[in-house]
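The values are calculated or read from the model by the stated rules, or taken from the named source; none is laboratory data. Since we're looking at a predicted model, the values are computed, not measured. Here the Cβ positions follow ideal geometry from the backbone for every residue, glycine too, while neighbour counts run over all protein chains shown.
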Amino acid sequence: MSVAATSGTGFLDRIREIAGEVAAPNAEAVDREARFPAETIEALREARALSALVPVQLGGDGVPFEAVAAACFELGRRCGASAMVYAMHQIQVACIVRHLDDASWFQDYLGRLAEEQRLIASATSEIGTGGDMGRSVAALTDAGEGSRTFEKQAPTISYGAHADDLFTTLRRSPDAEPGDQVIALTHREQMTLEQTGSWDPLGMRGTCSPGFVVRAQLPHEQVLPAAFPVVSAESMVPISHILWSHIWLGIATDAFDRARAFVRAAAKRKPGEPPPAAQRLSHLLSELSLLRAEVSSGLREFTEMSAEPGRPRLSTMTAALHFNNLKIAASEQAPRVCQGALGVCGIMGFKNDTPFSVGRHLRDTMSACLMVANERIHQTNASLLLIAKEV
Amino acid sequence: MTDDYVVQQIRQILADHGRLPVHIDDLPVEASLYDAGMTSHASVSVMLALEDGFDVEFPDRMLTRSVFESIEAIAAAISELKAEASV
C-alpha cells in the first residue's frame, strides 16, 4: 500500500486513515502510559510515509512538502505525540535532502531509508550550551583510518530509544569554536545511548524524550558536508517551526471540534433555545482562525522562498524573524484555543473520559512554548530587529 | 575611499564589536569570521557598527550570513553599497 508518488493526494488520504484508525484509538493509552506510539509509527512505515520527502530518483516518494505539513496537522488532530515523532523525523530527512551537496554516502543512505523505512531521531540540544542550538560542546574526534568518535550529553532525545538512526550536531573538531558545527548521522549499531533521567512529563508524553549520553564511532563519510549554520538557517529552523505549528494547529482544531460537538449536543437537547456556551464557541472560532492564518502564511512563505534558485531569501534575517515569530505566535495561541475549548465544555471537558475531554490537548500544547524556549527565540529576534529593515 | 582604508576600518570595527577569541590583525581577509568564533549575536553588533561607520544601510537581501562571512566579503558589500549610492 504505497503512497502516490509526486502527488500529495493519495498520501494524505492514507495519512488521514492512519490518523483516524490507528493514532486516535491509541492516543489515550500513549498519553496515560507515556509510551511510544509504536502502532502509529508502524502503520506510517507500512504506508512508506517515512520516506515521503525523499525524492523519487533517490528511491523515495517525492511527496510535496505542503502535503507533509498537512500530514502533521492530520496526525496532530488525533494524537499529538504521534504527530511530533513523525514531524521530527521529517525535519531530519528534509535537512539531509536539501543539503546533500552530492555526498554519495548520504544519497545511498536516503535510498536505504526509503527501502527500510528507517526512523531518525535527533540530538541537537546539549547540556552546557544554555539551550543554544547554534553552539556545541561535544566534538568529532579523529580516531584514525577515516574513523571519527564523539560523546554528547543530550538533555533530551525524543524517541531516542526507538529510532534506527541519530542526527547529531557537533563541533567539527576538538579545537573548533562552539559555533563551527557539523551534523553526523549514526546508525543504532554504531552507538550506545545511556539514558540519564526519567520521562514523566505534563504533555507530549508519547514522544519519550529523556536525556541520554550518546557515544558513537562512525566513518567520516557519515558527516554531512554542509555546515550546520547553513542547514539550520535554510532548513532546520524554518521546517521545525512550520511542522510543529501544524501539529499545534491540529491539536487546537480537535479541541475546537470537541467544544463544537458539546455545544451542538446541548442545542439538540433544548431546540429553539441557543445554549449559553454557543457564543463562547464563536469567540473561540476567532482565536482558532488567527492560529490557522499564522500557520498557513508561514507555510506559503517557506514554499515560495524554497522554490527560488539558491534559496537566497531563506538565509536573510527577515526570514529568520518571520519563522521565529511563527513559532512564538503558534505556540502561544494553540494552548489558548485549548483552554477556550475547556471553557466551552466546562466539567465535561475537564473530565478525562468524556467525548469532550480536552485535558490532553491542553497539556500537549503547553509543551509548545518550551520546544526551544520562546524567551530564547525572543532574545534572538530582539537582536535581529535592530538590523533587519522590512519586518 | 581606498580598499586598504576600507579593510582597515572593517578590522577596527571587528576588533571593537566582533568579540572574536583571536586577534583580528592575525586573520586573513578571506578567513571565515564565523569559524574564527564570531557569534550571530556579535555579528549583529558588527553590522550596526558597519552601517554607522560607513554611513550605509544594508538592505534585507544583504543581511545574510555569507555577506558577513569574511573581511573580504564585508568589503565587497560595502563597496557595492557605496557604488549604488554614488550613481
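General observations
- Here A:Arg171 meets the list (1) surrounded by fewer than 23 Cβ atoms within 10 Å (Cβ to Cβ); (2) touching a residue at least 40 places away in the same chain (Cβ under 8 Å) almost entirely, failing just condition (2).
- Output for region A:359-375, where each listed residue is under 18 Å from A:Ile242 (Cα atoms) and either part of a helix (DSSP H, G or I) or within 14 Å of chain B (Cβ to nearest Cβ) (or both): A:Asp364, A:Thr365, A:Ala368, A:Cys369, A:Leu370, A:Asn374
- Residue count for region A:151-171, restricted to those that are outside any strand (DSSP E or B) and of a type in the set (D, E, K, R): 1
- Selected residue [within 14 Å of chain B (Cβ to nearest Cβ) and either at pLDDT below 95 or out of contact with any Lys or Arg (no Cβ under 8 Å at 6 or more places or on another chain) (or both)] from A:Leu342, A:Leu299, A:Leu321, A:Leu288: A:Leu321
- When A:Gly298, A:Gly343, A:Gly310 are checked against the criterion of being outside any helix (DSSP H, G or I) and either of a type in the set (Gly, Ala, Ser) or farther than 15 Å from A:Trp244 by Cα (or both), a single residue qualifies: A:Gly310.
- In region A:210-255, residue farthest from the other protein chains (Cβ to nearest Cβ) [restricted to those that are assigned to a helix (DSSP H, G or I) and charged (D, E, K, R)]: A:Asp254
- Candidates A:Asp142, A:Asp164, A:Asp175, A:Asp180, filtered to the one that is within 14 Å of chain B (Cβ to nearest Cβ) and more than 16 Å from A:Ser232 (Cβ to Cβ): A:Asp175
- Of all residues in region B:58-72, those satisfying the criterion of being aliphatic (A, V, I, L, M) and either in contact (Cβ under 8 Å) with a residue 12 or more places away in the chain or surrounded by fewer than 17 Cβ atoms within 10 Å (Cβ to Cβ) (or both) are B:Met62, B:Leu63, B:Ile71.
- Unique residue being surrounded by fewer than 17 Cβ atoms within 10 Å (Cβ to Cβ) and among the aliphatic types (A, V, I, L, M) when the list is A:Ala388, A:Ala307, A:Ala334: A:Ala307
- Leading residue by the ranking (farthest from the other protein chains (Cβ to nearest Cβ)) among those in region B:37-87 that are under 26 Å from B:Pro21 (Cα atoms) and of a type in the set (D, E, K, R): B:Glu72
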